[in-house]
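The values are calculated or read from the model by the stated rules, or taken from the named source; none is laboratory data. Here the structure is a predicted model, which means the values were calculated and not measured. Every residue, glycine among them, receives a Cβ derived from its backbone with ideal geometry; neighbour counts consider all protein chains shown.
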Amino acid sequence: MKPTTKHNAKKPAHRNLSTLIGAATVTVVALASLTISLGWVGDGQAKAAPADPHPKPITALFIGDSFTVGIGAPKTSDGFATRVSTYFKWRMQNYGVGHTGYAKGDKTEDSTISTNCQSDRGCPSYMKQFDQAVAAGVVPDVVIVSGGYNDAASNELFESAKQLFAKIHATFASATLYVTSPITVDVVSQEFALRVAMVRVAAFQTNAIFLDLGQPLSGKRELRNRIHPNLNGYKVLTKTITSLIENNELTPARLMLRQRVG
């Protein structure tokens with residue numbers, strides 16, 4: 001008779017009590033963190049985390065001609081660059097200079113040479129204005145390029161605009177780039193309309209956001225001071241630009257930019 005082999009039944013494994021308590025603690029902490037970060041409330045709805053009460057101010061770099069400077073207003077701080085910056089609570093860096101353009105400046109390589117330069121910074125073309133801002137350490141969140149009044153409707157204007165917009169994107173990839181249509185207080189000629197079209201196409205081809213201002217000052221004597229806008233003219237420009245920025249669905253930083261209260 002063969003000896004009987006006794007097989008012990010395998011007992012179910014039991015987790016150590018301290019292990020269970022530790023796992024439960026980790027779960028509670030994780031849920032608490034999630035609740036705090038999402039602002040979870042009793043009705044089970046997730047709320048957005050509260051906004052930073054002291055957000056970093058947005059830096060806006062302006063590039064352009066005498067319209068960007070604010071010439072024609074009682075003081076240059078009445079120009080649209082200052083007014084737009086004030087409206088959005090941006091920190092303005094205005095590198096605009098009169099008698100300049102996309103292809104017009106005081107350098108020998110510029111297509112059109114500025115001969116009536118009155119700025120202590122010289123009369124740099126828009127590309128040179130941008131280079132000056134970068135050299136000065138400006139790091140913009142927003143760039144607004146506005147001009148074309150002093151340029152001619154030529155291939156140089158088109159190519160200079162494209163090169164500038166591409167360089168801005170390459171240098172500050174996270175910045176939002178706005179390009180306004182060229183501005184005039186005169187009646188719009190066919191040649192000027194062609195300048196507008198060239199800047200528009202250059203903006204589209206480089207993924208800049210084109211703001212078509214629609215020439216709100218054209219032919220309106222009550223809004224001009226000789227060849228520039230007067231105080232009321234700059235107010236009209238400011239309203240036009242801010243409205244287009246606020247309503248532009250293509251703006252990637254639209255919510256971030258709207259720090260204006262009221």
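Tell me whether segment 118-127 contains one or more residues that are part of a helix (DSSP H, G or I) and touching a helix residue (DSSP H, G or I) at 6+ places or on another chain (Cβ under 7 Å). Within segment 118-127, one or more residues are part of a helix (DSSP H, G or I) and touching a helix residue (DSSP H, G or I) at 6+ places or on another chain (Cβ under 7 Å).
Table: residues versus (1) buried (at least 20 other Cβ atoms within 10 Å of the Cβ); (2) modelled with pLDDT of 95 or more; (3) at negative phi; (4) of a type in the set (A, V, I, L, M, F, W, C).
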{"position": "Val201", "(1), (2), (3), (4)": "no, yes, yes, yes"}
{"position": "Gln205", "(1), (2), (3), (4)": "no, yes, yes, no"}
{"position": "Lys220", "(1), (2), (3), (4)": "no, no, yes, no"}
{"position": "Ile227", "(1), (2), (3), (4)": "no, no, yes, yes"}
{"position": "Val236", "(1), (2), (3), (4)": "no, yes, yes, yes"}
{"position": "Ile241", "(1), (2), (3), (4)": "yes, yes, yes, yes"}
{"position": "Arg258", "(1), (2), (3), (4)": "no, no, yes, no"}
{"position": "Val261", "(1), (2), (3), (4)": "no, no, yes, yes"}
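Scanning segment 163-180 turns up no residue that is over 21 Å from Ala133 (Cα atoms), surrounded by 15 or more Cβ atoms within 10 Å (Cβ to Cβ) and in contact (Cβ under 8 Å) with a residue 40 or more places away in the chain.
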